[in-house]
1. Report, by residue number, each residue of region B:461-496 that is hydroxyl-bearing (S, T, Y) and either facing chain A (nearest Cβ under 8 Å) or buried (at least 19 other Cβ atoms within 10 Å of the Cβ) (or both).
2. Looking at B:G196, B:G224, can you tell me which residue is closer than 26 Å to B:M43 by Cβ and either touching a Phe, Trp or Tyr at 6+ places or on another chain (Cβ under 8 Å) or at pLDDT below 85 (or both)?
3. Please determine, by comparing only the residues of region B:55-105 that are assigned to a loop (DSSP other than H, G, I, E, B), within 30 Å of B:E145 (Cβ to Cβ) and not charged (D, E, K, R), which one is farthest from the other protein chains (Cβ to nearest Cβ).
4. Evaluate the following for B:T392: is it of a type in the set (S, T, Y), more than 15 Å from B:R446 (Cα to Cα) and either part of a strand (DSSP E or B) or free of Cβ contacts under 8 Å to residues at least 24 places away in the same chain (or both)?
5. Looking at (1) at pLDDT 95 or above; (2) closer than 18 Å to A:H178 by Cα; (3) among the charged types (D, E, K, R), find the lone condition where A:R269 falls short.
6. Confirm whether A:L109 is within 13 Å of another protein chain (Cβ to nearest Cβ), under 24 Å from A:D256 (Cβ atoms) and assigned to a helix (DSSP H, G or I).
7. Among the listed residues B:T226, B:T293, identify the single one that is touching a residue at least 12 places away in the same chain (Cβ under 8 Å), among the hydroxyl-bearing types (S, T, Y) and in contact with a helix residue (DSSP H, G or I) (Cβ under 6 Å, 6 or more places away or on another chain).
8. Which one of the conditions (1) farther than 28 Å from B:V555 by Cα; (2) of a type outside the set (D, E, K, R); (3) modelled with pLDDT of 90 or more does B:S119 fail to meet, given that it meets all the rest?
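The values are calculated or read from the model by the stated rules, or taken from the named source; none is laboratory data. This structure is a prediction, so every number in the text was calculated from the model and none was measured. Cβ sites come from the backbone with ideal geometry, for glycine too, and all protein chains shown count toward neighbours.
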Amino acid sequence: MLRKIGKILGFQKDEPQSSLHDGEADTIPIPDEKIRAVVQPPVAAEQSRLPQLIAGCAQSVGRLRDHNEDAILVYSTLFSNQDSYVPVGLFIVADGMGGHKHGEVASGLAVRVVAREVIQKIMLGFMDIHPTPPEEGIQEILETSVMTAHRTITKESPGSGTTLTAVLILDKHMSIAHVGDCRAYAVNGQGKIEILTRDHSLVKRMMELGHLTEQEASVHPQRNVLYRALGQGEPFTPDISTTTVPESGHLLLCSDGLWGLVPQDEMVRIIQASPSPDSACQRLVSAANTAGGPDNISAILIQLPDFSD
Amino acid sequence: MNNPQSTQSFESDSELDVSQHLQAGTTLAERYTIQGIIGIGGMSAVYQARDMHFPNVTKLVAVKEMVNRALDPVVRSTIVRNFEREANLLASLEHRAIPRIYDYFTLNERSYLVIEYISGHDLEELVNNSNDFIQEERIVRWAIELCDVLSYLHNHKPEAIIFRDMKPSNVMINAQDHMVLVDFGIAKPFQAGKRGTMIGTEGYSPPEQYRGEASPQADIYALGATLHHAITRRDPRLEPPFSFHERPILQHNPNVSSVLVKVIERALEYNPEDRFQTAEDMKSAMLGVANETGMLSNISASISQAVRPSESIQPIWSFKCEDEIRGSPFFHNGVVYTGCYDNNLYALDANDGDFLWKYPAEGGIVSKPAYFDESIYFGSEDHRLHAVYIRTGRVNWTYFTKGPVRSSPFIAEGHIFIGSDDRFLHAVNATTGRPAWRVDAGSPVRSTPIVANDLVYVGSEAGDFYCLDFTGAIKWRFKAKRAVTSSAVVSKGVVYFGSVDSTIYALDAKTGWVIWRFRLGKPTISTPFLQDNLLFTGSVDGAIYCIDINSSKEVWRYTTEHQVTGSPIILKDSLYCGSVDGCLYCLEFRSGRLRWKFQTEGSITGTPVVWEDVISIGSTDHRIYAFEA
């Protein structure tokens, strides 16, 4: 049913030199019903369900901090035209570094710089009168935007730092750019939860769990390798990957103020029991506060279109 | 040493319940049958096992088992990923003093590493079980070998590898009296969750390692400590830390030459800057010892090249045609088909290479044949697409294009899709040989079209890459900077292909949007091969690449001696690929490590074909070869 994406994007139109069906072309290598399937949408085309991304979000300062250093962005759109639909979404969570000055400046800059570059280079292409795909690859655009944010923070707010986890959904592909220890999870309809990002601070996590003392952590072989943040120290590369959007279920983006306090099972239970992504996010944040709320808490929950049938 | 209570090693505490150990006769991964326990550590055990993929011979392997005790699922999976990354790194090492890694896998809370089985003893056992001193000559020879492998590790690219845990129990002496390093700290992530973990082993580790620093000089210190232990028979773990200078070697073993004592003492200097700065420096000093004491002639023979020579490998059959084979063979139902520049298509018995029939075209055949409904289809330089009955080798029909046909046929929905140098992509009815349609691609089409999800993908020599529907209507077009001779592969809504512009492209299969681009050293005309989220391809730069398709990062590359124009293929855990240098290469597909290679007398430009456990490839030496996979 999404066969005509090309038409929406529009770039197959300017295709002057294809001389289809020249003299010799008399038959078609497929049965008629196949052709109908190709050129026509199913008769009762989904009138009520468009494959939109329904997002909710919530934030809290937490119970021990006096200001919020997390920043989030929720940007969800749907292009629908001529029986074809392209869901497009950009979701970002950034956690400014505690212990540094102006953590909220760094997280805000990171979100704005990445969002601006992605929207300019990818989203605006959709809105053009003659839509053209970006010249760079999607992964390159994401990587460049993260590196631009890194340089911007280093310049505008030296000494501060931030993590950044951005999910870009373009139709059925989902690209994630990730630095630090915010997380993206996929939760399917059966309640199976899968983490899509890798924390860049294993040692810190192990210390929190009491597996390592600070002294042990200081000589741990992974103590340097797994720590990355925007605005901090040496240049780095963000983790970037592109996979297929899950056929149904939810995506959750959150800062460690949520995932460090609320067990995975509990997060799944809340998501499944909530009537909407928005109320689920409210409940997730409350659960983190109930558990002590030592840190800022941010959550974005995206309900995915159901492609499973 | 600031914190001695935190520096206990794990050898002594048997944390693992013995009943949890694998019993003899247990088979892991339907392949490795446990025969007994070799050793037990705190969080790990090592078993001797038999690889049942070799039913007719007893192939022994060592299986290291590590128990993941972390409770948090993220920490658990991080530990497993670190283990896997480490295993991949180890698998990429190639030195005769480093055991080969054959396999790794994780079952529930246990991770396993399957490595080369080294028969022999470790140096600690050797020292403990003998009553006399080890001959100096033997120790010098081992020291040179250990310097050699440390030098190999320290010079590893892109990042130096620091062994961190050189000690007598981590050094095996194999049946040929050579040194093998056995514990690469792969279990470290598993131990990290336990309180009191220290990196390195007390007694052998240098002072700075307790501050968390690891450098080549740290390994040099530990090697000095190991040699000191072996030569004096005094275990440093029973002595105060960093007290070697209080136990002069000659005081314990008066028969050691003073030059050797000097080298060991320099390695054991308290300050890293006072030690040998590189393992090569220490190796030359050791060679100096060998020279001065007159043992060099015995030693030089044993410190030859580090790279393991490939095993000798012989084809199970080969068949000689009358001219070069540049294309790729095809297998169907017990028969191998190959085109040749002697203008014939050959049908050979796949079991023994016996000639069944040949069919003469009127031009060379580089096109890879395809099968449909009792016929074989292929293109030829004679401008035609040929359909030949497989039983008789007689012609069914031929279809004329207006240029040489170097593209290979793709069959879908009863039609054959094939490109031609006449610039058209042709769709031909497979039964009748009549055209359905043709589409002007603007330039010669030498790539092989493919059909996925009712869409046809094909590249052209001008660099256009087309997505067409079954009516031949263009859905989208992407422009590469140079020719797309490589054929495409489609997986999970993404189409992958290479270009002569030296780039591998991953495009959204529905829209043609670029998801990522990967730069190769030089152009590619090789068709990518996908397996387990990895993409494999060859390049004119001579390398075979392995790229992660989600992150578009290089996993490994293996460099051959000449261009790689054919494509890799994978059977089980081996990748097979030919090179214009004339060799067929067999690599471990996850690590890119060489298993074996076979040198033909010409160039290999095509792609191998596999069936059952046999792999076959053609060469410009006029022959087609078949090997046991």
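1. The initial filter retains those residues of region B:461-496 that are hydroxyl-bearing (S, T, Y), namely B:466, B:471, B:485-487, B:491, B:496.
Within region B:461-496, B:Y466, B:T471, B:T485, B:S486, B:S487, B:Y496 qualify.
2. Values: B:G224 fails: closer than 26 Å to B:M43 by Cβ.
Only one candidate qualifies: B:G196.
3. The initial filter retains those residues of region B:55-105 that are assigned to a loop (DSSP other than H, G, I, E, B), namely B:55-59, B:68-72, B:92-100.
Subsequent filtering for residues that are within 30 Å of B:E145 (Cβ to Cβ) retains B:57-59, B:92-100.
Next cut, not charged (D, E, K, R) only: B:57-58, B:92-93, B:95, B:97-99.
Details: B:V57: 39, B:T58: 37, B:S92: 17, B:L93: 18, B:H95: 22, B:A97: 22, B:I98: 19, B:P99: 21 Å.
The selected residue is B:V57.
4. Working: of a type in the set (S, T, Y): yes; more than 15 Å from B:R446 (Cα to Cα): yes; either part of a strand (DSSP E or B) or free of Cβ contacts under 8 Å to residues at least 24 places away in the same chain (or both): no.
For B:T392, the condition - of a type in the set (S, T, Y), more than 15 Å from B:R446 (Cα to Cα) and either part of a strand (DSSP E or B) or free of Cβ contacts under 8 Å to residues at least 24 places away in the same chain (or both) - is not met.
5. The failed condition is (2).
6. On the way: within 13 Å of another protein chain (Cβ to nearest Cβ): no; under 24 Å from A:D256 (Cβ atoms): yes; assigned to a helix (DSSP H, G or I): yes.
Considered against the rule, which asks whether it is within 13 Å of another protein chain (Cβ to nearest Cβ), under 24 Å from A:D256 (Cβ atoms) and assigned to a helix (DSSP H, G or I), A:L109 comes out as no.
7. On the way: B:T293 fails: in contact with a helix residue (DSSP H, G or I) (Cβ under 6 Å, 6 or more places away or on another chain).
Among B:T226, B:T293, only B:T226 is touching a residue at least 12 places away in the same chain (Cβ under 8 Å), among the hydroxyl-bearing types (S, T, Y) and in contact with a helix residue (DSSP H, G or I) (Cβ under 6 Å, 6 or more places away or on another chain).
8. With (1) farther than 28 Å from B:V555 by Cα; (2) of a type outside the set (D, E, K, R); (3) modelled with pLDDT of 90 or more applied to B:S119, the lone miss is (3).
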